[in-house]
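Working notes, beginning with the structure itself.
Laboratory data are not the source of any read-out in this text; all were calculated from the coordinates shown. Owing to the predicted nature of the structure, the values given are computational and were not obtained by experimental measurement. Cβ sites come from the backbone with ideal geometry, for glycine too, and all protein chains shown count toward neighbours.
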Amino acid sequence: MEENWAKAYQSGQAIRAEIAREILDQNGIGAVIVNKQDSNYPIFGNFEVHVPAADLATAQTILTNEEALKQPE
């Protein structure tokens, strides 16, 4: 069975993407990190956190209310 995934969060820092993924996991939403950084020039690109499309609205609400992710990068 094929699932549709949607981007719920993105960051230029791997650790922030990992924090977002862990927060979603603790709230029962499966998430994966997609590394979209350029391998030759790592200052270009982001880390994206993807969730099943059916959980996108819930995931975005959880991440919007999370204090750890409100701090500037």
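Points worth noting:
- Built amide H within the under 5 Å cut-off of residue 6, gap 5+: 51, 53
- Less than 5 angstrom separates the built amide H of residue 37 from those of 46, all sequence-distant by 5 or more or on a different chain.
- Computed over the Cα atoms of the chain, the ratio of the radius of gyration to the Kirkwood radius (Rg/Rh) comes to 0.98.
- Helix-only arithmetic for the chain: the sum of -39500 (n - 2.57) across DSSP H runs with n ≥ 4, divided by the residue total, places the mean residue ellipticity at 222 nm at -9000 deg cm²/dmol.
- Candidates 38, 25, 55: whichever shows maximal mean-square fluctuation once the chain is modelled as a Gaussian network with Cα springs under 10 Å: 38
- Computed E for residue 73/residue 3 - FRET, C-beta separation, R0 35 angstrom, nearest 0.05: 0.75
- Cα-centred dipole magnitude for segment 5-68, charges only on beta-carbon of K, R (+1) and D, E (-1), debye, nearest 20: 180 debye
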